[in-house]
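Below is one structure. I have some questions about it.
The values are calculated or read from the model by the stated rules, or taken from the named source; none is laboratory data. These numbers come from a predicted model, not from an experiment. We place every Cβ from the backbone using ideal geometry, glycine too, and count neighbours over all the protein chains shown. Please note that ligands, DNA and RNA were not included when accessible areas were found on the heavy atoms of the full protein model with its side chains. Shrake-Rupley method; radii C 1.70, N 1.55, O 1.52, S 1.80 Å.
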Amino acid sequence: MNRSNYYSRRTTSRKFRPKDKRSLTSSEEEKSFRICSVFGGLDVTRFVSRDARSFFAGAIDDVELIREVITETALNGGIGHRMTLAELNSTLDRIGRGFDHNDTIKTTMDAALSYVDDRPDRRIDFWVGQLNLGDNKGHYYNSSSEIDAIAELAFVQAAALIFPWVLDRKSKPEYWFVDHQNGRSVGSKKEPFKFDSLYTAAWIGSWGESWLYYPPINKLTGEPTTISDPAGGGLSPDDSSHEMPFVKANLPWNNEARDVFFTSPYPDVARAGLAMVSAIGPLYFTGSIANKTYDDTYMASTGVDIGLDSVSKLLDVLTDRLTVGSFALITDFDLDVVVISQDVVKKIYPERTGFEKERVTYDNSGEVLMEDRRNVTYTPADTLYQGLPKLANAKWGKLRESLESLRPGDRDYTRLNITLTGDEEPIEHYVFYEKWEYVADWALLAFAPVKEVDNAMQVHIVEHSRNSSAMQTDDRIIQSLTLNVRQGKRVSGQAAILNSGTLGIVVSSSGQPDWLRLHQSFSQRHINAGEVLALDFDILTEKLDRGTTASFVSFHIRDDSYPDCFYDQERSLKITVNTYPSYTFYLILAGALISACIALYAYVEQKRREADSVWIVDKCELIYDNPPEVLGRGTFGLVVAAEYRGTRVAVKRVIPPNQENENSSTVIFDHDDDDSSASEESAILPTTLPRRISFAGKAVRPQSKRRVLSKGMRSGESIYGSVEAYGSVGNKSTTGSKSYAYLHDSFIEEMRVLSKLRHPCITAFMGAVIARREDPLLVMELMDRGS
């Protein structure tokens, strides 16, 4: 799709712009025309281009109005009183011109001024030349025939009715040349005038050189001069106004369509360094006036002159207003300059003019030097001889090709590197342009540095110090923020919105999670260029579950009411919160874990006790012989016969005695009382032996805790034998690498395994004596002929 067509449809997106600048505040006026994108640049270009085009269209309308007033007046017989040639001849200002003492010079003809209105108080200049003129088809007639001159003078004099007001209504009252009885309307509904004086002159010149000119020349110069003075008081046919560009272009063979149009710019001879352009049009007449009949005859050319220095003020709204360094100008389709300000000339043109011969201006005779613009400071008028394509500071040809390819009425943009006057390096510019479809074959071009446009809106979310509202060099752009918080605690977080662009912005909050609370209200908060807006917030942890929670804080950001900046975006900051349980939770959890462990331990112990109750033997249920019957002796202990629940069993002590159990109910046997070595050769029965021991079926209660030596035992031997693997025997403590407690626990674990073994080839395990403060005993099935 053609971009220009797309852009042309964007007019509905334009923000409201008041037409009357008096309704704008200073802030609004400053914001007007500022852009932040190519769309805004294209929009402003069209807006200003439309204003400029309307202005020039108004000049076309004024010329058409002049033509119609003159011809309608002629159709109605002309104005009531017309200046005759004789009356003109009699208006010589003899005093002003210094002829008051010269009786030979009494008329304008005597003063070689031709027929001219020389009255000091005249409202308009009249002048009739003295040329031998032909008709408008090239057939000359003798100037002595005054009929044609009188008829033409009668025809053009109607311009005196409209010229003063056409000109002065486009000027401020203090710049009017004559008084106007009704004046110009003012008030709240009247748009203030943009220029001091827009038109420099309005004029009409007939085929036969009858001229009217406003304002009167003496009002401009302050001297007793008329239009005839610069004309020289008489021109030859070869040097007639027919060769002047603003007249020649209107002659029948040059303007067959009879259009009103603009001339190319030309130097303003009266004001050095300035340029002009004229809106001109031909006048044709069919009818009779002053006894002369015409049939669709070319009568005259008329027009208004426009000082381009005034028109350039239309473009001032784009100078350093789109962005810093922006500017604008109007050119034709070949990029020859039409309207340019002095400031823009300084930007893109050399400091001094060249030596082209076209920069020298002579009078109509070609002999009198009027102006020499060679090697002087560049002015807007000097650009008439050097269009943009002749400059070497940019590839203007590329821009001209882009403009030529554009359809009239469309707009577009391109990029162009321009080395501005005084710079060494080129600066890339956006060039926004609109090609005029009507009024003239011109285009408005607006230039803005690419960097300034693209960086006009730079908005970021950053880390920022809470104590500063200005941009910091260490502000780091962030996309997300992570906080570690403890449940139940209110934690604060901080970030900031940074406006590093050149335009102001407005920020509003557009969304946030319910567990986050901003410290400030974010409804229409303004941030100027280079400033930051702090985003201080609290995390409401009571609304968060334990673990990780993430959400977004969103902001709606738009430009701060810039009519031509279409910035409207959403920005978000991701907030991630890692929530940890509170200390109370840990205390409760620790208590719960401890309780669970205790309960589990109690449960396991209960189950163990229930399981162990199957094989645990109550020591009271073991009945020993008196004296005990030793069944055998081995490396790991002695085996004693006993009765358990009516069954003969073998009781074996399997680990050394515990020294801490000396005060237990252990029964001690000695060899005999008078054996001197009895105390040294003692053996200790386990503490699990009952105080009541059966001997030959008779229960005997031991009288004392005495060492008793079983018959048949060798001196120094324990009843249960030597258990060297577990340490020394007797009252001596164990000295092995394994403690008694470890041996005790290992024995219990072994008992649990043995209790589950059942097999005909395995001696049956009956149980074990496991009692507090007693040494464990192993109770096994007593096998016949066992050892």
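Quickly run through segment 389-404 and pick out the residues that are part of a loop (DSSP other than H, G, I, E, B), of a type in the set (A, V, I, L, M, F, W, C), touching a residue at least 24 places away in the same chain (Cβ under 8 Å) and within 12 Å of residue 417 (Cα to Cα).
394
Moving on to the next point. Can you pull out the helices (runs of 4 or more DSSP H) entirely within segment 1-85 that have at least 3 residues that are modelled with pLDDT of 80 or more?
Ranges flagged: 38-75.
Of the residues 329, 335, 315, which single one is part of a strand (DSSP E or B), among the aliphatic types (A, V, I, L, M) and under 37 Å from the mean Cα position of the chain (by Cα)?
Answer to the check: 329.
For segment 737-787, how many residues are within 18 Å of residue 612 (Cβ to Cβ), open to solvent by 90 Å² or more (accessible area, probe 1.4 Å) and touching a residue at least 60 places away in the same chain (Cβ under 8 Å)?
Qualifying residue count for the region: 1.
For residues that are of a type in the set (Ser, Thr, Tyr) and in contact with a Phe, Trp or Tyr (Cβ under 9 Å, 6 or more places away or on another chain), scanning just segment 397-419, find the one that is farthest from residue 449 (Cα to Cα).
Looking at the filtered set, the residue picked out is 402.
(1) under 22 Å from residue 51 (Cβ atoms); (2) open to solvent by less than 10 Å² (accessible area, probe 1.4 Å); (3) not charged (D, E, K, R): which one isn't true of residue 317, the others all being true?
For residue 317, the failing item is (2).
What number goes with the only condition from (1) hydrophobic (A, V, I, L, M, F, W, C); (2) at pLDDT 90 or above; (3) surrounded by 19 or more Cβ atoms within 10 Å (Cβ to Cβ) that residue 333 does not pass?
Condition not satisfied by residue 333: (3).
Condition first: closer than 30 Å to residue 533 by Cα and either open to solvent by less than 70 Å² (accessible area, probe 1.4 Å) or touching an Asp or Glu at 6+ places or on another chain (Cβ under 7 Å) (or both). Now tell me which residues in segment 572-603 satisfy that.
572, 573, 575, 576, 577, 578, 579, listed by residue number.
Going through 311, 338, 324 one at a time, which residue ends up being modelled with pLDDT of 90 or more and surrounded by 18 or more Cβ atoms within 10 Å (Cβ to Cβ)?
Exactly one of 311, 338, 324 is modelled with pLDDT of 90 or more and surrounded by 18 or more Cβ atoms within 10 Å (Cβ to Cβ), namely 338.
Out of segment 540-559, which residues are charged (D, E, K, R), out of contact with any Gly (no Cβ under 9 Å at 6 or more places or on another chain) and in a strand (DSSP E or B)?
Listed by number, the list holds a single entry, 558.
Let me ask something else about it. If residue 303 passes every condition in (1) more than 19 Å from residue 64 (Cβ to Cβ); (2) crowded, with 24+ Cβ neighbours inside 10 Å; (3) not aliphatic (A, V, I, L, M) but one, which one does it miss?
Result: residue 303 passes all but (1).
Still on this structure, I have one more. Would you check if there is a residue in segment 487-495 being modelled with pLDDT under 90, farther than 26 Å from residue 523 by Cβ, open to solvent by 10 Å² or more (accessible area, probe 1.4 Å) and not charged (D, E, K, R)?
Yes, segment 487-495 contains a residue that is modelled with pLDDT under 90, farther than 26 Å from residue 523 by Cβ, open to solvent by 10 Å² or more (accessible area, probe 1.4 Å) and not charged (D, E, K, R).
A further question follows. When only residues in segment 475-518 that are over 24 Å from the mean Cα position of the chain (by Cα), in a loop (DSSP other than H, G, I, E, B) and not small (Gly, Ala, Ser) count, which is farthest from residue 542 (Cα to Cα)?
Here the residue is 513.
Still on this structure, please answer the following. Between residues in segment 42-70 that are touching a residue at least 40 places away in the same chain (Cβ under 8 Å) and under 25 Å from residue 155 (Cβ atoms) and residues that are among the β-branched types (Val, Ile, Thr) and part of a helix (DSSP H, G or I), which pairs lie under 6 Å by C-beta distance while being six or more apart or on different chains?
Hits for this filter: 62/166.
Let me ask another. Among the residues of segment 288-319, which ones are out of contact with any helix residue (DSSP H, G or I) (no Cβ under 8 Å at 6 or more places or on another chain), among the polar types (S, T, N, Q) and over 19 Å from residue 195 (Cα atoms)?
Matches in segment 288-319: 288, 293, 297.
Next up: Look at residue 118 and say whether it is modelled with pLDDT of 85 or more and within 14 Å of residue 212 (Cα to Cα).
Here the answer is yes, as residue 118 does meet what is asked.
Exactly one condition in (1) in a helix (DSSP H, G or I); (2) loosely packed, with under 14 Cβ neighbours inside 10 Å; (3) touching a Ser or Thr at 6+ places or on another chain (Cβ under 9 Å) is false for residue 375; which is it?
Result: residue 375 fails condition (1) only.
For segment 560-581, name all the residues that are closer than 25 Å to residue 514 by Cα and assigned to a strand (DSSP E or B).
569, 570, 571, 572, 573, 574, 575, 576, 577, 578, 579, 580
Of all the residues that make up segment 410-434, how many are in a loop (DSSP other than H, G, I, E, B) and touching a strand residue (DSSP E or B) at 6+ places or on another chain (Cβ under 7 Å)?
3
Counting only residues that are in contact with an Asp or Glu (Cβ under 8 Å, 6 or more places away or on another chain), open to solvent by 30 Å² or more (accessible area, probe 1.4 Å) and closer than 14 Å to residue 509 by Cα, how many does segment 526-571 have?
Residues flagged as in contact with an Asp or Glu (Cβ under 8 Å, 6 or more places away or on another chain), open to solvent by 30 Å² or more (accessible area, probe 1.4 Å) and closer than 14 Å to residue 509 by Cα within segment 526-571 amount to 4.
Give just the number: which of (1) surrounded by 18 or more Cβ atoms within 10 Å (Cβ to Cβ); (2) of a type outside the set (A, V, I, L, M); (3) in contact with a helix residue (DSSP H, G or I) (Cβ under 6 Å, 6 or more places away or on another chain) does residue 389 not satisfy?
Residue 389 satisfies all of (1) surrounded by 18 or more Cβ atoms within 10 Å (Cβ to Cβ); (2) of a type outside the set (A, V, I, L, M); (3) in contact with a helix residue (DSSP H, G or I) (Cβ under 6 Å, 6 or more places away or on another chain) except (1).
Which one is farthest from residue 438 (Cα to Cα) among residues in segment 256-307 that are touching a Gly at 6+ places or on another chain (Cβ under 9 Å) and part of a loop (DSSP other than H, G, I, E, B)?
290
Continuing with this model, one more query. Check segment 609-621 and report whether any residue there is part of a strand (DSSP E or B) and surrounded by 10 or more Cβ atoms within 10 Å (Cβ to Cβ).
There is at least one residue in segment 609-621 that is part of a strand (DSSP E or B) and surrounded by 10 or more Cβ atoms within 10 Å (Cβ to Cβ).
Touching a Phe, Trp or Tyr at 6+ places or on another chain (Cβ under 7 Å), basic (Lys, Arg) and under 30 Å from residue 212 (Cα atoms): which single residue out of 374, 359 fits that description?
The match here is 359.
Can you confirm whether residue 606 is within 30 Å of residue 527 (Cβ to Cβ), surrounded by fewer than 17 Cβ atoms within 10 Å (Cβ to Cβ) and not hydroxyl-bearing (Ser, Thr, Tyr)?
Spelling it out, it is not the case that residue 606 is within 30 Å of residue 527 (Cβ to Cβ), surrounded by fewer than 17 Cβ atoms within 10 Å (Cβ to Cβ) and not hydroxyl-bearing (Ser, Thr, Tyr).
Here is a follow-up. Mind checking which residues of segment 169-217 are under 48 Å from the mean Cα position of the chain (by Cα) and either surrounded by 18 or more Cβ atoms within 10 Å (Cβ to Cβ) or of a type in the set (Phe, Trp, Tyr) (or both)?
170, 171, 175, 193, 195, 197, 198, 199, 200
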